[in-house]
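The values are calculated or read from the model by the stated rules, or taken from the named source; none is laboratory data. All values reported here derive from a predicted model rather than from experimental measurement. Neighbour counts run over all protein chains shown; Cβ positions are idealised from the backbone, glycine included.
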Amino acid sequence: MAPPLLTLQNIHLTFGGTPLLTGADMIIGPGERLCLVGRNGSGKSTFLKVAAGFIEPDEGERFVQPGTTVAYLPQEPDFSGHATSLDYVQGGLAPTDDPHSALLMLIQLGLTGEEDVTTLSGGEKRRVALARVLAPEPDILLLDEPTNHLDLPTILWLEETLKGMRSAMVLISHDRRFLENLSEATLWIDRGRTRLMTRNFRHFEEWRDSILEEEAATARKLGRKIAMEEDWLRYGVTARRKRNVKRLADLHDLKARRAEKKGELGRAKARVQMQAAQAEISGKLVAEARSISKSYDGRPVVRDFSINIQRGERIGIVGANGAGKTTLIKLLTGRMEPDKGYVRLGLNLEMLYLDQSRDSLEPHITLKYALADGSDMVHLPDGQKHVISYMKDFLFLPEQAGTPIGELSGGERGRLLLARSLRLPSNVMVLDEPTNDLDLETLDLLQEMLADYSGTILLVSHDRDFLDRIVDSVVYAEGDGEWVRYAGGYSDMDVQRRNRLAQDNGGARKSRSNAAAKPANDSKGKLSFKHKHALETLPRTMEALERDIAAHKKTLEDAGLYARDPEKFQKTVAALEKAEADLAAAEEEWLELEMLREEVEGH
C-alpha cells in the first residue's frame, strides 16, 4: 500500500478566542477523492488552507511526502501582480511543467489567455483560477467550491476532466450531484472535529443522522443516570460522609458532561428557521408570452419564444453563461420589453426577486442594520420580530449584530440575502442562482421552504440536484436564441433532450412553429363564416387543451414514473409537448383572427 501523500493530525485552531478546529485529522493517499463537508462556519475552508500550507495551526502536525505537488483553488483568488489570464495561469506552473499546458487549458475553458484580469466576470475568474490549478496536473488538488459561478456546460466539462486526472482530490462544494459523481470518501467537520465515512457522498446524510441519533440516545442515558444519582443522594441510605462527597462530585461531573453534550448536539442540530412571507393568491395566469424575440447588437438572445405560466408552476431556466437567462427572466416578468411579440402579465402579482449577487450588499453596514434598517424590530407580514431573534432564525449569533457585512463569509452573506428577501410578501418568486455559497443543510431548508410555497417559482440555476428537487419543467437554451420547454426536472430534461437530438440526426432540430396559417379575408369589409366559426370555437378548444396539459403535468409529477414505466413517461411527455404546441397554435390563430376582426370592424 502506497504511503499517504498528505497527513493532517490533531489540528487545533482558534480565531478571535473561539475554537474552530479542536482535533481535526485528514489523510490523503495517491489518487484518492475525498469530499469535505460541514455547515457554514464549521471550518471547511480554513481546514483546506491548513492542508495547502497557507495557515499554520495552533497545534497539530501537517506532513507532505517530499516531492509531492499540491495545488489549491481558493474561493476568491488573488489576481494581483498579473496582467493577463495567461500570465496568471503560467504563474502556477513549475519549471518542469509543459509551458504550453497553461494556454491549452485556458482554451479548453473558452478563454484566449489575453483577458485582462482586472475586467474578468465572476465566471471568467473561476475558469482562469481553475486553469491555474488544473494545467500542472498536481499530485493533490485542493478545490474550494470549484463550481461557483460556472455554467452547466462548464460544470459538466469540469466533472469529466477531474474524472480523467490522476491527481488526488479534496473537494468542498454545495453541488450535491458534483460530489456524488466524484467522491469516493466523505470527511465531515463537525464541532471542530472530523469524522470519516469511506463511502460516496450520496450516503452522507443517512450516516450523519445515525451518528446524531446515537449521540442523542447517549445523552438520554446520561440524563437517566443523573436522575438515579440524584434520587440516591436524596433518599438513599446514609453512608460514610467521604463516600457521599465522592458520589456528589461524580454527579456534578455527570451534569457537566450532559451540559456539554447538550450544547454540542444543539449546535449540530441547529436549523435555519426559513419561511417565505406569502402574499394573497395571484390570478390563474401569471404570464403569457407570445412569439417574443430580443437581440443585442444583432445577436438573437430570445427568438420566437412562447410560453404560458400558470399559478403554482415551478419553472427552471437553464443555459450557458451568456445564453440570455437573465434577459428571458426580465422579459417574462415585465421588466424588459421584447423587440417582437408581447408579454401579458396576470392579475394581483407580488413578485420577489432574489438576486444572489453580493454586489447588492454594502460591505460597511452592519448585519443588524441590513435586517432591520436601523431598528430593533424586523417588520414581517404577520407582525414584528426582534432583530436578534430573526438573526437566530438564520443561524447568526447575537454577538454578530454589529459585524460589518464585508466581514461575513460567503455562506453567511448568502443566508443574509435570504433573510432580507423573505421578509417581503410574494406570490411569485424569481430565484437567480440562490444556491451559491450556501451549505448543504441550508440548501435542504431552502428546498423545504420552496416546497411549502404556494406561489409560482422561476428558478435560474446550474445546480442539477436542486433543479430536480424543485421544478416541474425546465426551459433550456438550445443556442442562437432558441429556448425549449421540457417537462420534469433537470434529469428528465436531459433524457428528453438526448432522445430528441438522437432523433434529429445529431442535433439538426426542426424549429417548432407556433403560428397557424394566416387567415385570409375572403371578402373585403367582413369576416368569412369560417373565421367567425373559429373565433367562437377556439376558446373552447384552448380550454380543453389547457385541461389536457394540466392532466399530463399531474402524471409527470410522479418522480418515480420514468424509472417504473419509461414507456408511459415518454408517451406522456410526447402528449404534453403536442398539447402545448396545439395550444400555442390555437392561441396564435385566435389572436390573429381577433386582430383581423378589429381591423374589419374599424373600417
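If we keep just the residues of the range 117-135 that are at pLDDT below 95 and over 24 Å from the mean Cα position of the chain (by Cα), which is surrounded by the most Cβ atoms within 10 Å (Cβ to Cβ)?
117
Just checking, how many residues over the range 300-351 are touching a strand residue (DSSP E or B) at 6+ places or on another chain (Cβ under 6 Å), of a type outside the set (A, V, I, L, M, F, W, C) and part of a strand (DSSP E or B)?
Looking only at that region, the number is 10.
Could you please find all residues in the range 431-457 being in contact with a helix residue (DSSP H, G or I) (Cβ under 6 Å, 6 or more places away or on another chain) and either under 30 Å from residue 288 (Cβ atoms) or not assigned by TED's automatic domain parsing to the domain that holds residue 485 (or both)?
Listed by number, the residues that qualify are 435, 447, 450.
Could you name every one of the helices (runs of 4 or more DSSP H) located completely within the range 83-145 that has at least 2 residues being hydrophobic (A, V, I, L, M, F, W, C), touching a Gly at 6+ places or on another chain (Cβ under 8 Å) and assigned by TED's automatic domain parsing to the domain that holds residue 168? Explain how you work it out, then say what you get.
Numbers: elements: 85-90, 101-108, 122-134.
Result: 85-90, 101-108.
Say whether the condition of being among the acidic types (Asp, Glu) and under 29 Å from residue 394 (Cα atoms) is met by at least one residue in the range 327-347.
So far as the range 327-347 goes, no, none of its residues is among the acidic types (Asp, Glu) and under 29 Å from residue 394 (Cα atoms).
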